[in-house]
1. Test residue 143 against the stated conditions and say whether it is more than 21 Å from residue 289 (Cβ to Cβ), open to solvent by 50 Å² or more (accessible area, probe 1.4 Å) and outside the structural domain of residue 266 (by TED's automatic domain parsing).
2. Exactly one condition in (1) more than 15 Å from the ligand (Cβ to nearest atom); (2) open to solvent by 10 Å² or more (accessible area, probe 1.4 Å); (3) not basic (Lys, Arg) is false for residue 107; which is it?
3. Select the strands (runs of 3 or more DSSP E) contained entirely in the range 91-152, then report the ones holding at least 1 residues which are among the hydroxyl-bearing types (Ser, Thr, Tyr).
4. Taking the range 148-159 only, how many residues are closer than 14 Å to residue 13 by Cα and open to solvent by 30 Å² or more (accessible area, probe 1.4 Å)?
5. When only residues in the range 26-46 that are out of contact with any helix residue (DSSP H, G or I) (no Cβ under 6 Å at 6 or more places or on another chain) and under 20 Å from residue 242 (Cβ atoms) count, which is surrounded by the most Cβ atoms within 10 Å (Cβ to Cβ)?
6. Please name all residue pairs, on different chains or six or more residues apart, with Cβ atoms under 7 Å, provided the first residue is in the range 247-267 and is open to solvent by 70 Å² or more (accessible area, probe 1.4 Å) and the second residue is among the acidic types (Asp, Glu).
7. Test each condition in (1) of a type outside the set (Asp, Glu); (2) in the same structural domain as residue 83 (by TED's automatic domain parsing); (3) over 13 Å from the mean Cα position of the chain (by Cα) for residue 137 and report the one that comes out false.
8. Taking residue 280 as the residue in question, decide whether it is in the same structural domain as residue 197 (by TED's automatic domain parsing), of a type outside the set (Phe, Trp, Tyr), part of a helix (DSSP H, G or I) and modelled with pLDDT of 95 or more.
Amino acid sequence: MSGVTAQPATALRRIGFIGLGRMGLALAANLVRKGFSVRAFDLAAGQLAKFAELGGDLASSATDAARDADILFLMLPGPKEVRAVALGPDGVLAALPAGAIVVDMSTVDPATADALAAAAAERGLHFADAPVGRLAAHADRGESLFMLGADADVLEVLQPYLNAMGTTIYHCGPAGHGTRTKLVNNFMVLAYCQLNSEALVLAQGMGLDLAKTLAVLTGTTAVNGQLKEKWPAKVLRGDLTPGFDMALALKDITLACQAAQSIGIAVPLGSQVRDLMALALNGGHRGQDTSALTDFWARLNNQALLRLT
Ligand code: NAD
């Protein structure tokens, strides 16, 4: 659907935001910090209180956040929550005024993104999927990357808001292509998490110095973003508080494997990573950052936990 009128960034639109978790709070905080007026909702009272402290307005429910919104952002855990919040007679799509844009930034499956796009079109709304790349620490700093699936005129309207939350927007294609790109991205990211864990535990098993090994691995083509930016800041410092929660990572690799299966594409490495991540989650790492996979792997191999001193 087309026909969205682009306005200058100064013509402030009313923004609704649902889901103020680790990522949502960081993203919404950047909108507030940059002068946009945001009314947000989350089921967790503690997250609402943090948003109020940052100067954001609070809605009393998801539909209350949607009622007057010109643009509604969703940043929820996964497909189940997104469908529950968005669809059906009590969903936010039914509450939004005609012509509004709903932007799902959550990581979901292609079928959910396509269902939201179709339901939005039926109600005279615009839809974009804009899943988020890079680490939670980047979101804190307003340095996220967005993988946008949307019509070009919707992208034009969304640009100032996405620019307030991030530094990089890739227009991946029509609605639904952001989600598909994100699943491919996280398939690779999560495979690296397992690869990093195996490589570092192997290095320790061979008696190598962790800091020197890390310097080599991040100085050659072995490097990956997780190893370079995340591992030294999280698990290798003993900080297991979730930047990216292990349960969300398992959700993403599962969605990527299911998406592959549904179109007959083989991803044997992805299937293994999914199973290993499930074992880690159920093996004492629930509620921890994804990088805790390295602690899981060290324990399985009867090795000390790897820490930079
Ligand atoms: P999170 O679990 O920290 O936050 C989810 C929030 O949604 C919680 O505050 C929860 O209370 C709220 N919520 C759940 N159901 C709700 C409902 N029905 N109504 C209102 N609020 C509800 O997760 P997160 O780390 O912020 O991730 C959010 C999404 O972004 C996920 O899809 C995740 O896969 C994706 N993502 C995460 C990262 C990361 O590094 N953490 C990076 C990119 C993308």
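1. The answer is no for residue 143.
2. Only one criterion in (1) more than 15 Å from the ligand (Cβ to nearest atom); (2) open to solvent by 10 Å² or more (accessible area, probe 1.4 Å); (3) not basic (Lys, Arg) is unmet by residue 107, namely (1).
3. Hits in the range 91-152: 144-149.
4. Residues flagged as closer than 14 Å to residue 13 by Cα and open to solvent by 30 Å² or more (accessible area, probe 1.4 Å) within the range 148-159 amount to 2.
5. It comes out as 28.
6. Hits for this filter: 258/109.
7. (3)
8. yes
The values are calculated or read from the model by the stated rules, or taken from the named source; none is laboratory data. Values in this document were obtained by computation on a predicted structure and should not be read as measured data. As a convention, Cβ positions derive from the backbone with ideal geometry for all residues, glycine included, and neighbour counts pool all protein chains shown. Each accessible area value is taken on the protein alone, full model and side chains, heavy atoms only, with ligands, DNA and RNA left out. Shrake-Rupley method; radii C 1.70, N 1.55, O 1.52, S 1.80 Å.
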